[in-house]
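The values are calculated or read from the model by the stated rules, or taken from the named source; none is laboratory data. The model shown is predicted, which means the values in this text are computed figures rather than measured ones. Note that each Cβ is placed from the backbone with ideal geometry, even for glycine, and that neighbours are counted across all protein chains shown. Side chains are part of the model used for accessible areas, which takes the heavy atoms of the whole protein and leaves out ligands, DNA and RNA. Shrake-Rupley method; radii C 1.70, N 1.55, O 1.52, S 1.80 Å.
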Amino acid sequence: MTSIKPITKKIINTPETCVDDNLRGVVAVYPQLQLHPKHRVITIRRQDDSKRVAILGGGGSGHEPFASGFIGSGMLDGAVAGGVFASPPTGHVLYGIAQLHKYNSGGVLVIIGNYTGDRLNFGKAIEKAKIAGIKVEGLIVGEDVASSKNKTGGRSMVGEVLFYKLCGAMALKGYDLETIRKTAVEANKNMATLGVCLSACSLPGQPPLFEISPDEMELGAGVHGEAGIAKVKMGTAKEIVKMLLAIIVGHLKLSRGDRVAVTVDNLGGTSFLEMNIISAETKDYLENHDITVERVYAGHLKTSLEMHGFQICLLLLNKEHGDLFLELLDAPTSAAAWTGGEISVRSDGGHVDDESLLKGDVRKAASGPSLSAKQQDLLRESLTSAAEVLIKSEALLNKLDSGCGDGDCGNTLKKFGHAILAYLKTASLEYVSNVLWDLSEIAETDMGGTSGGIYSLGLSAASQAFSIATSNSVPTWLSALESAIQAISKYGGAEPGDRTMLDTLHAVAETLKKCIEEELLAVLKKAAEAADHGAKATASMVARAGRASYVASGYTQQEDAGARAAALWLQAILCSIASKI
């Protein structure tokens, strides 16, 4: 029995109205654009004749921000939308041409994606417009490598957006219709695109259009939900980029010394993190092959609804037209979705790791009371015990963190534990102030994240308290602990009672205040018990700070992971000291 695929969830009103609702949204966000709802055309608002060439784009919906997102000075003057993955009808295209011709007496250039429906409907509209006396020309563009052996040439992929930019910039500069068209034809000869997808998209109200195994991806997938030319095994970003670029570079017959403009197109559902990695790997691959990357444009340009994947498009900046292409790509535009700009311009400076501000020690080399050799050994043993218990408690802390956090508290503190053990192998422990400062730096660099920041703040504040102290007495340690609590509370926003590690630290501090005059062994024992009680108490608290405060109370029935972690290392230190008395 064939199983029925579930419909993919989408935040729309109805599948039938989603295209028109989308167009309403475009002009709601950008009121300088005008919607002609009956014909699904959007144009720039204009009152007089620009006396230049106008550029019209368009095609099926579902590729947003293509095409209406690229309407603006220096790119498109208008765009016509069809249904989802469907070419707009001839009448709508003709209406768009007529609207642009009203206010642009230089003529209209219609950019046509290389798909049968678009070729037919846009082509017929152009011929009708010519019969009506409108000065108009069409330009069919397509640069897809995967379909390049097709009789009509490669499909139109993200490169279509580059034609919007090139032609729009030329129109704004006053070039005539024929020159713009001829220049775009040359660009099409020097452009190639290839992509992959990890998951299929789905039409509104429909299940995914095809299936991909978890360990596979589709090479050469199209932007209309169609599968690719081959299924290939998943790989790292570097491996996938290498595979695509090897094909694209071979297709364009690029060689060392060539210059290119790169476009990395998000097919819809790819995260920014992934896109940045892909862009970096693309640049590295090309430069490692002595191909100069003049520009990199990345983002949502021509998508396929929520498809998880990307395309890489290369435009060869050849000797004949390369400088002009680059000038046109750099030309300003007010189009909202164009990702290029002044900061896209290539710099020969590369990246700089300037750590000059970090090399200078912001503290004195030695400050506060010093420890004897015996005291240093005791401190080393105590810190070793604390580090080891954090490493051993990884699973427990992750479990406590999984319901109300991101489940990595144990992982993070395990890193801290290993870093402390490495530090203790060679570190001088003569000055507690310096040791606490070093630990704060380790927390910042080796732990990372929120936990690293919290521990770093607390330890650096404790270090400052020790730097002005005159002895290593219990009152000094209490002062250091209170300074840590104050710093964490000041910058972290939490207070004792908010179900955080502060509840453990506060419980210990309050106990030390009460028994500070007692014998040291009794003080250590009571402080260790207070740490345990402070952590246990968080199980019944309402979370008012930290990630636990973002989730429903049903997920916070156990102890707070941070509070238990603090109890573990505090008890380890206190018990280690007590064992030597």
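For the reader, a short list of remarks on this structure follows.
- Note on Lys124: lysines with a C-alpha under 20 Å away, same-chain residues under 8 apart excluded, are Lys38, Lys102, Lys135.
- On segment 194-297, 56 percent of the accessible area sits on carbon and sulfur atoms, based on a 1.4 Å probe.
- Part-to-part distance (alpha-carbon centres) for segment 275-348 and segment 1-49, which is given in Å: 27
- Share of pairwise Cα separations in the chain, more than 30 Å, in percent: 63
- Hits among aspartates and glutamates - C-alpha to C-alpha of Lys526 under 20 Å, sequence gap 8 or more where chains match: Glu482, Asp503, Glu510, Glu517, Glu518
- For segment 408-475, the solvent-accessible area of protein heavy atoms averages 42 Å² per residue (probe radius 1.4 Å; ligands and nucleic acids excluded).
- Taking Ser202, Ser147 and ordering them by how much accessible surface each has at a 1.4 Å probe, largest first, produces Ser147, Ser202.
- Overall dimensions of segment 143-185 by Cα: Rg and Dmax, Å: 12.5, 36
- Equivalent ellipsoid of segment 35-113: semi-axes from √(5λ) of the C-alpha gyration tensor, largest first, are 20, 12, 11 Å.
- Per residue, segment 275-332 exposes 38 Å² of accessible surface when a 1.4 Å probe is rolled over the protein heavy atoms with every protein chain present.
- Rounded to whole Å, sorted largest first: equivalent-ellipsoid semi-axes of segment 267-308, Cα gyration tensor: 23, 10, 7
- Helix 501-514 vs. the chain, principal-axis angle (Cα, 0 to 90°, nearest 10): 20
- The ratio of the alpha-carbon radius of gyration of segment 20-172 to the globular-protein estimate 2.2 N^0.38 Å is 0.96.
- Whole-percent carbon and sulfur share, accessible surface of segment 17-93, 1.4 Å: 52
- Residue-level accessible surface for Arg52, protein heavy atoms, 1.4 Å, Å²: 40
- Local electrostatic count at Ile240 - Lys and Arg +1, Asp and Glu -1, tallied over other residues with Cβ under 15 Å: -3
- Within straight-line reach of Lys149, meaning a Cα separation under 18 Å, sit the following aspartates and glutamates at least 8 residues removed in sequence or on another chain: Glu226.
- Karplus (6.51, -1.76, 1.60) ³J(HN,Hα), θ = phi - 60°, over segment 94-108, in Hz, Gly and Pro reported as x: 4, 4, x, 4, 4, 5, 5, 5, 4, 10, 9, 6, x, x, 10
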